[in-house]
Amino acid sequence: MDIIVCMKWVPDTSEADLVIDKEGKDIKKDDLDHDMNDWDRFAIEEAVQLKEKLGGKVTVVGVAPEDAEEMLRECLARGADEAFLLWDDAFEGSDGFAVARILVSFIKARPWDLVLTGTLADDDCGGQMGGMLGAMLGVPSATLVSAISVEDGKITFNRELEGGLYEHMEMDLPAVLSVATGLNEPRFVSIRAVRKVASVEIPTLGLGELGLDESLVGVQGSRVQIEQLTMPPEGEGAEMIGGKPEEAAAKLAEILKEKGGIG
Amino acid sequence: MTMFEPASVPIAGIPAPVLSFIILVTAVCFFAYVMYRRIDLLRKALPDPRFYELGKRALLAVKYGFGQWRQPRYLGAGILHILLFAGFMILSLRSLTLIGRGFSPEFHLPLLTGAVGFGYDVLKDYVVLMVLIVCVVCIVRRAVFKPARYDHPGGGGHGSEAYIILGLVSALMVTDMIFDGSALKLNGAEGHAGLLPAATLASAFMPESGSPSLPYLHVGGYWVHILVFFGLLNYLPVSKHFHVITAIPNVFFANLDKGTIKPVRHGVKDWMELEECGIGRFEQFTWKHVLDFYSCADCGRCSDNCPAATVGRALSPRMISIKARDYAYTHHPVLWSPPNNGDVQFTGDVITEDEIWACTTCGACEEECPILIQYIDKIVDMRRYLVDQGAVPQSLQKPLQQIKKKGNAYGGNKAKRAAWTKDLEGIEVRQLAEGDAADYLFFVDSCGSFDPRIQEITKALARILHRGSVDFGILGNDETDSGNEIRRLGEEGLFEQVAEKNIEAFRARKFREIVAFDPHAFNAIRNDYPEKFPIVHASQLIAKLLRSGKLHLSGEHVKNRLVTYHDPCYLGRHNGIYEDPRFVLNQIPGIQMREMSRSYSRSFCCSGGGLLLWYENEQEKERMGEVRVRMAAEIGAQVIVTACPFCLINLEDAVKTTGNEGKMEVIDLVELIDRSLT
């Protein structure tokens with residue numbers, strides 16, 4: 001089974017002081033470290049595990065500038081067979097729709113049975129890639145997928161719903177699935193594992209190679225324009241819960257229930 | 001000398017010397033073949049160059065082998081073992097003599113004739129009685145009092161072998177006594193009775209002189225003795241009592257480099273090029289690893305002291321030796337061919353991942369083993385294999401990736417490594433640029449830079465150094481994680497990267513010594529880094545400042561409170577620094593100190609430092625820190641002083657979870673001195 005995994009290269013904002021840039025439409029990303037989108041880490045792991053079971057080939061692809069080669073190489077170390085970087089200066093400013101279009105032009109040019117990606121990205125949390133890819137490719141798609149298994153050209157899986165419910169589904173292949181986190185335990189990638197794939201070539205494909213027109217990508221090809229980005233207003237201070245441990249725990253549980261933290 | 005000496009009495013028509021010859025040749029041949037098989041496995045194992053510093057090694061053999069140095073750490077069992085060992089040494093001459101007596105009634109070892117020979121006979125007779133008594137005590141101890149450390153809670157033990165060996169040794173002694181006791185009667189030599197207590201004791205149970213059964217006892221006692229002796233000899237290499245033969249060589253070839261980890265593969269230039277790295281299959285152990293397995297006597301001292309075993313984690317160090325030895329004996333058998341391995345993976349199935357990750361590398365097992373068996377190297381080698389396979393616990397993956405990306409496990413922004421310096425009032429901490437010089441390079445490490453609690457120690461040390469007029473500086477953003485736990489978790493490639501970065505930063509600056517308050521960083525730089533830089537632990541530098549009168553302390557902070565000191569594993573056991581922190585504490589006027597039951601080299605690990613702070617173990621029933629805090633509570637301590645930031649974090653948590661909040665304070669030595677400055 002041939003699987004294509006779409007990976008996103010996202011800024012790591014966990015310990016950073018975020019600053020909004022001059023235009024007020026994005027954060028300053030120059031000083032930020034970038035990393036593999038955590039959700040996609042589960043997607044590549046799932047793809048490699050399926051390949052180990054069923055055979056076939058895993059191809060990883062990302063729409064990102066050259067720096068993201070690091071992420072794709074890590075995917076090769078995780079067990080992917082080939083990796084492609086899709087980038088052209090014209091891609092700058094693409095929204096989810098334009099990125100989906102770029103990915104689709106890549107996917108359509110090769111044989112495939114399954115496209116996997118993470119349901120969300122850690123940066124803009126659009127959650128739209130899987131659905132758009134499915135629509136553009138004309139195949140079924142689903143989000144928040146776990147417990148995947150493949151038999152006789154059909155793929156079955158669970159979808160995680162609210163309240164701990166699972167929806168069990170079956171689809172014909174080819175299909176596009178956006179995975180949930182935690183559906184597997186991603187393997188560790190050691191320095192040596194990356195070193196082993198250091199010489200594998202990762203080609204970069206641009207407008208020409210993908211057969212795309214400039215008007216279809218970047219800001220021009222996008223349907224969403226960001227008007228303004230602002231920092232959230234500072235919230236109220238933290239509440240310290242005092243008293244005996246049992247009382248404090250009861251109070252904490254109550255607050256969590258009230259605010260929707262637990263069911 | 002009687003008329004009925006064994007050498008002169010044919011057995012079933014076979015002349016005794018012929019029978020002796022047959023027994024000797026058969027037994028020695030079989031023994032030699034078993035030993036050949038055992039040595040063959042050592043030869044097939046991977047290399048480990050241990051044939052250097054032979055003088056030092058001879059001293060180890062004298063001290064820990066013949067001197068039984070570590071035995072008295074368990075006083076009762078230790079004394080019993082020392083007596084047995086001494087008995088074995090003395091009676092080995094007797095055994096050789098008796099073998100000779102099967103060939104000639106006159107046989108004596110050279111020098112053991114005349115008065116010396118008689119003197120030896122007297123000595124040996126006392127020793128025979130002593131060994132017999134020790135065997136009986138050992139049997140009763142095991143069978144009736146059942147010391148907990150002989151248990152094998154998870155199964156797989158070989159406890160019954162102890163009874164076999166004690167039974168055989170007892171039989172040796174009793175047959176010797178029958179042989180000599182009957183000789184006393186046959187010779188009518190009761191005059192020597194007072195000098196030969198064992199023989200006399202045996203003879204008391206025998207018929208009067210002239211009885212026709214006496215020759216049977218004499219000759220029969222002899223042959224049973226000989227058969228038991230050769231039976232015992234051949235039993236050693238197929239049982240847990242192989243240590244009788246291998247312990248001295250094992251001690252001789254013991255590890256001489258404390259505090260560090262073996263290279264991935266000895267004799268390989270670039271380990272990165274290896275097909276597989278670490279230990280996944282038994283064949284990847286070194287010969288010294290295998291000799292360790294052969295030598296384990298299953299005494300249980302390692303596991304008895306193992307903090308992981310204490311809190312219910314899957315690890316029991318001795319079971320690694322026992323399971324590996326069982327595996328070795330099954331797959332490299334003395335006779336016939338080995339069974340089909342099937343899908344059994346040594347690392348993963350024989351030794352499980354839960355066991356392998358449970359270890360904190362505290363070194364308590366290695367400190368306790370009477371014959372210097374190593375465990376940490378093996379565990380790290382198995383981790384190296386698992387890391388290579390990508391099988392790392394999820395809880396450890398994120399911090400490891402963070403170090404790869406940002407040089408620290410906290411995910412902290414590289415550019416903020418020195419941000420703590422801004423909180424210091426009135427003290428300017430110099431960030432040494434390349435080419436700069438200072439007397440001391442303060443290596444803060446990731447924990448001291450990013451963990452808000454540990455930053456308090458960082459600032460405290462900066463204040464102490466400032467007060468002591470020490471010229472010091474930090475690496476600032478050029479510092480990277482020390483890598484102590486990275487290496488011990490088996491990610492050698494990442495360790496090499498961080499070590500290289502720090503070494504480059506050290507090289508680019510001039511300093512007399514590095515100072516670190518984290519024993520893990522101290523250990524990595526001191527023992528692991530391929531290039532050596534002079535380094536001291538903060539407790540050593542503070543001791544020096546106190547000795548030279550540059551710091552003055554008040555006893556206010558610990559006034560009227562009982563203080564105990566918790567030895568951090570990487571300061572004490574791995575680097576032998578026990579006295580400097582205690583010296584520093586004792587400089588605090590009026591301080592009341594008391595030691596916990598487990599202190600110095602028997603200190604109890606708090607559950608590990610560095611990346612282990614992130615590790616989540618599912619099997620443990622309680623936290624190691626909680627066990628430790630209870631030990632402090634037992635002696636009524638109100639202040640636990642430690643000299644390691646991770647001990648501080650773990651013990652502070654444990655004080656809360658054991659309900660001791662407000663009753664007990666945990667404080668780092670550096671913080672305590674900072675607060676006690678006048």
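When B:Ala297 is tested against (1) assigned to a helix (DSSP H, G or I); (2) closer than 19 Å to B:Arg38 by Cβ; (3) of a type in the set (A, V, I, L, M), only condition (1) is not met.
Can you tell me which of A:Ala109, A:Ala135, A:Ala90 is modelled with pLDDT of 95 or more and crowded, with 17+ Cβ neighbours inside 10 Å?
Numbers: A:Ala109 fails: crowded, with 17+ Cβ neighbours inside 10 Å; A:Ala135 fails: crowded, with 17+ Cβ neighbours inside 10 Å.
Result: A:Ala90 is the single residue among A:Ala109, A:Ala135, A:Ala90 that is modelled with pLDDT of 95 or more and crowded, with 17+ Cβ neighbours inside 10 Å.
Does segment B:134-149 contain at least one residue that is surrounded by fewer than 15 Cβ atoms within 10 Å (Cβ to Cβ) and in a loop (DSSP other than H, G, I, E, B)? Within segment B:134-149 (the criterion being surrounded by fewer than 15 Cβ atoms within 10 Å (Cβ to Cβ) and in a loop (DSSP other than H, G, I, E, B)), the answer is yes, since at least one residue qualifies. All told, B:Lys544 falls short of being assigned to a loop (DSSP other than H, G, I, E, B), surrounded by fewer than 18 Cβ atoms within 10 Å (Cβ to Cβ) and at pLDDT 95 or above. Among the strands (runs of 3 or more DSSP E) confined to segment A:1-105, the ones with at least 2 residues that are of a type in the set (Val, Ile, Thr) are located at A:2-7, A:57-63.
Residue count for segment B:330-380 satisfying the condition of being part of a loop (DSSP other than H, G, I, E, B) and within 23 Å of the chain's Cα centre (by Cα): 13. Condition check for B:Val629 on (1) farther than 23 Å from B:Glu367 by Cα; (2) β-branched (Val, Ile, Thr); (3) in a helix (DSSP H, G or I): one failure, at (1).
Can B:Gly468 be described as out of contact with any Phe, Trp or Tyr (no Cβ under 7 Å at 6 or more places or on another chain), closer than 30 Å to A:Arg195 by Cα and of a type in the set (Gly, Ala, Ser)?
For B:Gly468, the condition - out of contact with any Phe, Trp or Tyr (no Cβ under 7 Å at 6 or more places or on another chain), closer than 30 Å to A:Arg195 by Cα and of a type in the set (Gly, Ala, Ser) - is not met.
Only one entry in A:Asp89, A:Asp21, A:Asp81, A:Asp30 is without any contact (Cβ under 8 Å) to a residue 60 or more places away in the chain, within 13 Å of chain B (Cβ to nearest Cβ) and acidic (Asp, Glu), namely A:Asp30. Within segment B:369-424, the residues that satisfy the criterion of being without any contact (Cβ under 8 Å) to a residue 60 or more places away in the chain, farther than 27 Å from B:Pro452 by Cα and either more than 8 Å from chain A (Cβ to nearest Cβ) or in contact with a Pro (Cβ under 9 Å, 6 or more places away or on another chain) (or both) are B:Ile379, B:Gly390. Condition test on B:Tyr327, is it surrounded by fewer than 19 Cβ atoms within 10 Å (Cβ to Cβ), aromatic (Phe, Trp, Tyr) and assigned to a helix (DSSP H, G or I)? It is true that B:Tyr327 is surrounded by fewer than 19 Cβ atoms within 10 Å (Cβ to Cβ), aromatic (Phe, Trp, Tyr) and assigned to a helix (DSSP H, G or I).
Evaluate the following for B:Asp176: is it modelled with pLDDT under 90 and within 40 Å of the chain's Cα centre (by Cα)? No; evaluated as a whole, the condition is false for this residue.
Taken together, B:Val584, B:Val563 contain a single residue that is buried (at least 17 other Cβ atoms within 10 Å of the Cβ), in contact (Cβ under 8 Å) with a residue 40 or more places away in the chain, outside any helix (DSSP H, G or I) and over 25 Å from the mean Cα position of the chain (by Cα), which is B:Val563.
Listed here are the residues, each with its yes/no results for (1) free of Cβ contacts under 8 Å to residues at least 12 places away in the same chain; (2) touching a strand residue (DSSP E or B) at 6+ places or on another chain (Cβ under 9 Å); (3) closer than 24 Å to B:Thr286 by Cβ.
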position: B:Pro17; (1), (2), (3): no, no, no
position: B:Ile22; (1), (2), (3): yes, yes, no
position: B:Ala27; (1), (2), (3): no, no, no
position: B:Arg37; (1), (2), (3): no, no, yes
position: B:Leu41; (1), (2), (3): no, no, yes
position: B:Pro49; (1), (2), (3): no, no, yes
position: B:Leu60; (1), (2), (3): no, no, yes
position: B:Gly65; (1), (2), (3): no, no, yes
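Suppose the filter is surrounded by 23 or more Cβ atoms within 10 Å (Cβ to Cβ), among the charged types (D, E, K, R) and in a helix (DSSP H, G or I); does B:Lys404 pass it? The answer is no for B:Lys404. Of the residues making up segment B:442-479, just one is surrounded by fewer than 24 Cβ atoms within 10 Å (Cβ to Cβ) and among the hydroxyl-bearing types (Ser, Thr, Tyr), namely B:Ser469. Take the conditions (1) of a type in the set (Lys, Arg); (2) more than 14 Å from chain A (Cβ to nearest Cβ); (3) within 30 Å of B:Glu626 (Cα to Cα); B:Lys288 misses just one of them, which is (3).
Restricting segment B:428-441 to residues that are of a type in the set (A, V, I, L, M, F, W, C) and surrounded by 13 or more Cβ atoms within 10 Å (Cβ to Cβ) leaves a set whose member that is farthest from the other protein chains (Cβ to nearest Cβ) is B:Ala438.
For segment B:269-280, name all the residues that are away from chain A (no Cβ under 13 Å) and at pLDDT below 95. Can you show your working first?
First, pick out the residues of segment B:269-280 that are away from chain A (no Cβ under 13 Å): B:269, B:279-280.
Listed by number, the list holds a single entry, B:Lys269.
Of these, B:Gly159, B:Gly188, B:Gly259, B:Gly154, which one is without any contact (Cβ under 8 Å) to a residue 40 or more places away in the chain, out of contact with any strand residue (DSSP E or B) (no Cβ under 6 Å at 6 or more places or on another chain) and of a type outside the set (Val, Ile, Thr)?
Among B:Gly159, B:Gly188, B:Gly259, B:Gly154, only B:Gly188 is without any contact (Cβ under 8 Å) to a residue 40 or more places away in the chain, out of contact with any strand residue (DSSP E or B) (no Cβ under 6 Å at 6 or more places or on another chain) and of a type outside the set (Val, Ile, Thr).
Residues in segment A:234-263 that are among the small types (Gly, Ala, Ser) and outside any helix (DSSP H, G or I): A:Gly235, A:Gly237, A:Ala238, A:Gly242, A:Gly243, A:Gly260, A:Gly261, A:Gly263. Note on segment B:210-257: residues that are assigned to a loop (DSSP other than H, G, I, E, B) and of a type in the set (Ser, Thr, Tyr) total 2.
The requirement of being loosely packed, with under 10 Cβ neighbours inside 10 Å and closer than 29 Å to A:Leu50 by Cβ is fulfilled nowhere in segment A:232-246; no residue meets it. The single condition among (1) touching an Asp or Glu at 6+ places or on another chain (Cβ under 9 Å); (2) within 21 Å of B:Ala643 (Cα to Cα); (3) more than 14 Å from every other protein chain (Cβ to nearest Cβ) that B:Ser449 does not meet is (3). Within segment B:458-503, the set of residues being more than 14 Å from chain A (Cβ to nearest Cβ), aliphatic (A, V, I, L, M) and within 13 Å of B:Phe443 (Cβ to Cβ) comprises B:Leu461, B:Ala462, B:Leu465, B:Ile474, B:Leu475, B:Ile503.
The values are calculated or read from the model by the stated rules, or taken from the named source; none is laboratory data. This is a predicted model, so every value here is computed, not measured. Virtual Cβ from ideal backbone geometry, glycine too; neighbours counted across all protein chains shown.
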